[in-house]
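**Q** Dumping the structure here so I can ask a few things about it.
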Amino acid sequence: MTFDFCPRCAAQLYDQMLGGLSRRACRAQGCGFVHWDNPAPVVAALVEYRGNLLLARNHAWPEKTFGLITGFLERDEAPEQAVVREVSEEVNLVATQSTLIGVYPFQRKHEVIIAYHVVADGEIVLNEELAEYRLIAPEKLHAWDYGTGLAVRDWLVARA
Ligand SMILES: [Zn+2]
């Protein structure tokens, strides 16, 4: 995302080399605003529910496209808290155990994915973001080669 005007003083922003990259920066005297444009951290949960893995389809996604439970960290929230909260909010499950799988770049969405394996239980109820879910036996789970799929790949490799 690029900005044309400074959110602090409303002056025009210019491209400027800072820290080795071109950034939108404010030249107004005494302002000093720089849009660093760092990627946003996102938590992802590979949810294990009664021995199967839960994949869900967002309403915005095409048919037959399923993924992990994901969400943005809230201000002041630790990633391990965020992933438990997202699992609760999106599929109504209570996490009993969560383990970091790994951290993955996702340049296309300008995000960094912090992925956990989350064992959870309760009654599955999807929130309004999700259209449907599938429960997949671990031996039938296949990874995909971008985004959260890299976490699925690593989890499957570690499990084997
Ligand atoms: Zn400014």
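**Q** Report, to the nearest 10°, how far helix 79-91 tilts away from the longest principal axis of the Cα atoms in the chain, using its own Cα long axis and a range of 0 to 90°.
**A** Once rounded, one gets 60 degrees.
**Q** Hey, another quick one. Considering only Ala45, Tyr146, Phe5, whose Cα is most displaced toward the positive end of the charge dipole of the chain, charges sitting on Cβ of Lys, Arg (+1) and Asp, Glu (-1)?
**A** After comparing all options, I get Phe5.
**Q** Here's a follow-up. When Lys and Arg each count +1 and Asp and Glu each count -1, what net charge do the other residues less than 15 Å away from Glu129, Cβ to Cβ, add up to?
**A** For residues surrounding Glu129, the net value is -3.
**Q** So how tilted is helix 149-159 from the main axis of the chain? Cα-based, degrees 0 to 90, rounded to 10.
**A** On a 0 to 90 degree scale, this one is about 40.
**Q** List the residues whose amide H sits under 5 Å from the amide H of Leu141, counting only those 5 or more places along or on another chain, with H placed 1.01 Å from N in the peptide plane.
**A** none
**Q** Near Arg24, within a Cβ-to-Cβ distance under 9 Å, what is the net charge of the other residues, with Lys and Arg +1 and Asp and Glu -1?
**A** -2
**Q** Where the only charges are on Cβ atoms (+1 Lys, Arg; -1 Asp, Glu), what is the dipole of segment 36-80 about its Cα centre, to the nearest 20 debye? Don't skip to the answer; put the middle values down first.
**A** Working: 4 positive and 7 negative charges, 68 e Å.
In debye, rounded to 20, segment 36-80 gives about 320.
**Q** Is there a quick way to get the dipole size of segment 1-102? I mean about its Cα centre, with the Cβ of Lys and Arg at +1 and of Asp and Glu at -1; what is the value in debye to the nearest 20?
**A** Working: 9 positive and 12 negative charges, 59 e Å.
For segment 1-102, the charge dipole is close to 280 debye.
**Q** How would you classify segment 1-139 from its alpha-carbon gyration tensor, with a ≥ b ≥ c the square roots of the eigenvalues: rounded for a/c under 1.5, else prolate if a/b is greater than b/c, otherwise oblate?
**A** It is prolate, given that a/c is not under 1.5 and a/b is the larger ratio.
**Q** To continue, here is another question. With a probe of 1.4 Å, find how much accessible area the chain has per residue, and write the answer as a whole number in Å².
**A** Result: 60 Å² of accessible area for each residue.
**Q** At 1.4 Å probe size, with the rest of the protein present, what percent of the exposed accessible area of segment 1-110 is carbon and sulfur atoms? Walk me through the numbers on the way to the answer.
**A** Details: 3510 of 6860 Å².
Ligands and nucleic acids excluded, carbon and sulfur give 51 percent.
The values are calculated or read from the model by the stated rules, or taken from the named source; none is laboratory data. Keep in mind the model is a prediction, meaning the values are calculated, not measured. In this analysis, Cβ positions are derived from the backbone assuming ideal geometry, glycine residues included, and neighbour counts consider all displayed protein chains. Only protein heavy atoms, including side chains, enter the accessible area calculation; ligands, DNA and RNA are left aside. Shrake-Rupley method; radii C 1.70, N 1.55, O 1.52, S 1.80 Å.
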